[in-house]
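Right, I'll just put the structure down here and ask away after.
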Amino acid sequence: MKNNSVLKGVFFVALGATSYGMLATFVKMAYSENFTTAEVTTSQFVYGLLGLLIINSFQKFNNKEIAQKASKKNIVQLVLAGTSTGLTSLFYYLAVKYIPVSIGIVLLMQTVWMGVLLEMFLERKIPSKTKITAVFIVFLGTILATNLINSEVVLDWRGVVWGLLAAASFTTTMFTANRIATEISSAQRSLYMLTGGAIIVFFFSIFTQTTPFDFQIFMKWGIVLSLFGTIIPPMLLNAGFPLTGIGLGSIVSALELPVSVLMAYFLLNEQVVFAQWIGILLIILAIVLMNINFNKQK
């Protein structure tokens, strides 16, 4: 029975990571139809909020006595934590506006070493040798995966900056999401965190949308972006991680990296050379190395 539960968890996490991996390609395709970052993110978060409201209402109706209601303190904490979710989406979508998706996802994966750095400051202890080794592997993998060894490749600095900001914001999300209001249902947690993200996105839209808002985005891309970005992945990851554990779950979630690159390769015709694939494999190796070490310590 335990093996079946772990297998079920792996399936959930893999599907969630795969969904996230598809997201940037869809955003890039929306950009090709002249939709703005404000339109893309607004439609995604509006549909996402509606979807999670429906899911929460359904769960509340079916589990009247089981579901624990979030307190005011829980709600405030989750909304504040969720602002980093909105910032991650904005920064990442701005990044892929200037650089290829295959590069953007590699920059987002800098959460590996940023997480180690943040953990070192918060817990005030030197990282293990395995984690330090993993960080160096990530740096090497990033150099290869972004094709920086090719002198002819020049990356738009705006995309690189936005990509690193997305990684920093995502690191914050990972550290806060699994430490706040864990006693309430994943659907409630996702809803309140998404509310925090939506506040950030809506303010961004108000101040940056200089042309009339194109509501066609809701018909063309909004539903797809919300499903693959704000509804399906959080629900699947929240359901899968308790079954797999953090170590195995983190390893499986690394699927997001190759899926994102493959989507960009097939749907956007982005060129991915052999050295980049080696770099991607090195980054995945670093994630595996860190989380195998976590299991051993535990």
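The values are calculated or read from the model by the stated rules, or taken from the named source; none is laboratory data. From a predicted model like this one, the values you see are computed outputs, not experimental measurements. Reconstructed Cβ throughout: ideal geometry from the backbone, glycine too, with neighbour counts over all protein chains shown. Note: areas computed on protein heavy atoms with side chains; ligands, DNA, RNA excluded. Shrake-Rupley method; radii C 1.70, N 1.55, O 1.52, S 1.80 Å.
Could you run through segment 28-59 and say how many residues are more than 18 Å from F215 (Cβ to Cβ) and either among the β-branched types (V, I, T) or not in a helix (DSSP H, G or I) (or both)?
Residues flagged as more than 18 Å from F215 (Cβ to Cβ) and either among the β-branched types (V, I, T) or not in a helix (DSSP H, G or I) (or both) within segment 28-59 amount to 2.
Kindly indicate whether V201 is open to solvent by 50 Å² or more (accessible area, probe 1.4 Å) and at pLDDT 90 or above.
no
In this structure, is F218 in contact (Cβ under 8 Å) with a residue 24 or more places away in the chain, open to solvent by 20 Å² or more (accessible area, probe 1.4 Å), of a type in the set (F, W, Y) and within 29 Å of K72 (Cα to Cα)?
Taking the combined requirement at face value, the residue does not satisfy it.
Next up: When you go through (1) farther than 24 Å from I99 by Cα; (2) in a helix (DSSP H, G or I); (3) free of Cβ contacts under 8 Å to residues at least 40 places away in the same chain one by one for F139, which number turns out not to apply?
Answer for F139: the failing condition is (1).
When you go through V154, V160 one by one, which is the residue that is surrounded by fewer than 20 Cβ atoms within 10 Å (Cβ to Cβ) and in contact (Cβ under 8 Å) with a residue 40 or more places away in the chain?
Sole residue among the options that is surrounded by fewer than 20 Cβ atoms within 10 Å (Cβ to Cβ) and in contact (Cβ under 8 Å) with a residue 40 or more places away in the chain: V160.
If you don't mind, there's one more thing I want to ask. So which of T195, T171, T176 ends up being within 29 Å of T142 (Cβ to Cβ) and in contact with a Leu (Cβ under 8 Å, 6 or more places away or on another chain)?
Only one candidate qualifies: T171.
Going by the conditions given, is L23 hydrophobic (A, V, I, L, M, F, W, C) and either open to solvent by less than 40 Å² (accessible area, probe 1.4 Å) or touching a residue at least 24 places away in the same chain (Cβ under 8 Å) (or both)? Steps first, please.
Values: hydrophobic (A, V, I, L, M, F, W, C): yes; either open to solvent by less than 40 Å² (accessible area, probe 1.4 Å) or touching a residue at least 24 places away in the same chain (Cβ under 8 Å) (or both): yes.
Against the criterion (hydrophobic (A, V, I, L, M, F, W, C) and either open to solvent by less than 40 Å² (accessible area, probe 1.4 Å) or touching a residue at least 24 places away in the same chain (Cβ under 8 Å) (or both)), L23 qualifies.
A further question on this structure: Within 19 Å of I75 (Cβ to Cβ), of a type in the set (S, T, Y), within 17 Å of the chain's Cα centre (by Cα) and open to solvent by 20 Å² or more (accessible area, probe 1.4 Å): which single residue out of T195, T230 fits that description? Let's see the steps before the verdict.
Working: T230 fails: open to solvent by 20 Å² or more (accessible area, probe 1.4 Å).
Unique residue meeting the criteria: T195.
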